[in-house]
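Have a look at the structure below before the remarks.
The values are calculated or read from the model by the stated rules, or taken from the named source; none is laboratory data. None of the values given here were measured: they were computed from a predicted structure. Cβ coordinates were reconstructed from backbone atoms using ideal geometry, including for glycine residues, and neighbour counts include every protein chain displayed.
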Amino acid sequence: MKTIPFIKMAGAGNDFVIIDAPKAKMNLKRLAIKVCDRTNGIGADGLMVYDKSAKADYRMRIINADGSEAEMCGNGARCMAAYIVRHKRPRKKTFTMETLAGILEATAANEVADVRLSDPEDYRPDISVDLNDRDVTVHYIDTGVPHAIIYVEGLNDIEVRTIGRAIRSHEAFEPRGTNVNFVEFLEKDLVDCRTYERGVEDETKACGTGSVAAAIVSYLQLNPGIINKRGARMRVRTRSGEILRVSFDINDCVVTNVHLKGSAKFIAHGEYYYT
């Protein structure tokens, strides 16, 4: 039986198993399904693979618990940044990481990481979605991965799994599908958010790119017609209870310079047995 070294980390309640890219050829998607199994594996929302990059300082791959590969993961990116700082000794305080969604910039210290994400795309507010003969208003934005935002009252009572699963695969978001975020305003700069994650196919304790999506869309909803703003800020309370901090600029109605800041905690390390 073979073994592979791993580190387990968590960012705002999202947990990940991190490995270095294997030297020998390996089916990483199959490995992710086994590793992420919470009974017969280590247990995680996803497998993250550290690798070398020809385009950036480092490369990270994100493979969901169901074996599908994600374009990006905000909480995972923070964990990878902290992993790199602790185990790879980067020469620069701010370094870059290649993802399928583009090149990210990151810093990390003392189990807190700040990641600059790719600029969001395809913002489509006020989409009417037919759900069981009921019209639901959805706001869509791609923050590296697709996200739908639904504003609610009484967030704790929302059936996130049932409604999230129905919208996740709705024809309005084909062919990629979408993550689904249920958001409630708490204060002017604070929202509460619960997320049904594509790839995990369930509610998770947090979603980094979902928090970014909730922050940006909420700010735009609160400030209709805004054209320029430097250093816009929103806080997002996740299901885990941790509050993530999101900042960004608006230049000529375009959102840029998006940063996500929050925890990146080391949980365990060891060897995983595989065949």
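Tabulated values for the structure
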{"read-out": "Those residues of region 54-79 which are at pLDDT below 95 and out of contact with any Gly (no Cβ under 9 Å at 6 or more places or on another chain), in sequence order", "value": "none"}
{"read-out": "Which numbered condition Glu111 misses (of (1) touching a strand residue (DSSP E or B) at 6+ places or on another chain (Cβ under 6 Å); (2) within 27 Å of Ile250 (Cβ to Cβ); (3) surrounded by 15 or more Cβ atoms within 10 Å (Cβ to Cβ))", "value": "(2)"}
{"read-out": "The listed residue being more than 16 Å from the chain's Cα centre (by Cα), within 20 Å of Val145 (Cβ to Cβ) and of a type outside the set (D, E, K, R), out of Cys36, Cys79", "value": "Cys36"}
{"read-out": "Residue within region 56-79 that is surrounded by fewer than 24 Cβ atoms within 10 Å (Cβ to Cβ), touching a residue at least 24 places away in the same chain (Cβ under 8 Å) and at positive phi present", "value": "yes"}
{"read-out": "Region 148-181, residues that are small (Gly, Ala, Ser) and in contact with a Ser or Thr (Cβ under 6 Å, 6 or more places away or on another chain)", "value": "Ala148, Gly177"}
{"read-out": "Residue count, region 1-31 (criterion: surrounded by fewer than 21 Cβ atoms within 10 Å (Cβ to Cβ), in contact (Cβ under 8 Å) with a residue 12 or more places away in the chain and part of a loop (DSSP other than H, G, I, E, B))", "value": "4"}
{"read-out": "Subset of region 243-275 [closer than 29 Å to Pro5 by Cα and out of contact with any helix residue (DSSP H, G or I) (no Cβ under 7 Å at 6 or more places or on another chain)]", "value": "Lys261, Ser263, Lys265, Phe266, Ile267, Ala268, His269, Gly270, Glu271, Tyr273, Thr275"}
{"read-out": "Any hit, region 134-150, residues being of a type in the set (Lys, Arg) and within 23 Å of Met72 (Cβ to Cβ)", "value": "no"}
{"read-out": "Residues satisfying the stated conditions in region 122-137, i.e. closer than 21 Å to Val246 by Cα and surrounded by 15 or more Cβ atoms within 10 Å (Cβ to Cβ)", "value": "Tyr123"}
{"read-out": "Filtered residues of region 174-192 (kept if buried (at least 21 other Cβ atoms within 10 Å of the Cβ), without any contact (Cβ under 8 Å) to a residue 40 or more places away in the chain and outside any loop (DSSP other than H, G, I, E, B))", "value": "Asn179, Val180, Asn181, Phe182, Val183"}
{"read-out": "Of the criteria (1) outside the structural domain of Leu28 (by TED's automatic domain parsing); (2) part of a loop (DSSP other than H, G, I, E, B); (3) within 15 Å of the chain's Cα centre (by Cα), which one Ile141 fails", "value": "(2)"}
{"read-out": "Residue within region 212-231 that is closer than 26 Å to Arg38 by Cβ and among the aromatic types (Phe, Trp, Tyr) present", "value": "no"}
{"read-out": "Residue in region 89-108 that is nearest to Phe266 (Cα to Cα), counting only those that are exposed (fewer than 15 other Cβ atoms within 10 Å of the Cβ) and without any contact (Cβ under 8 Å) to a residue 24 or more places away in the chain", "value": "Arg89"}
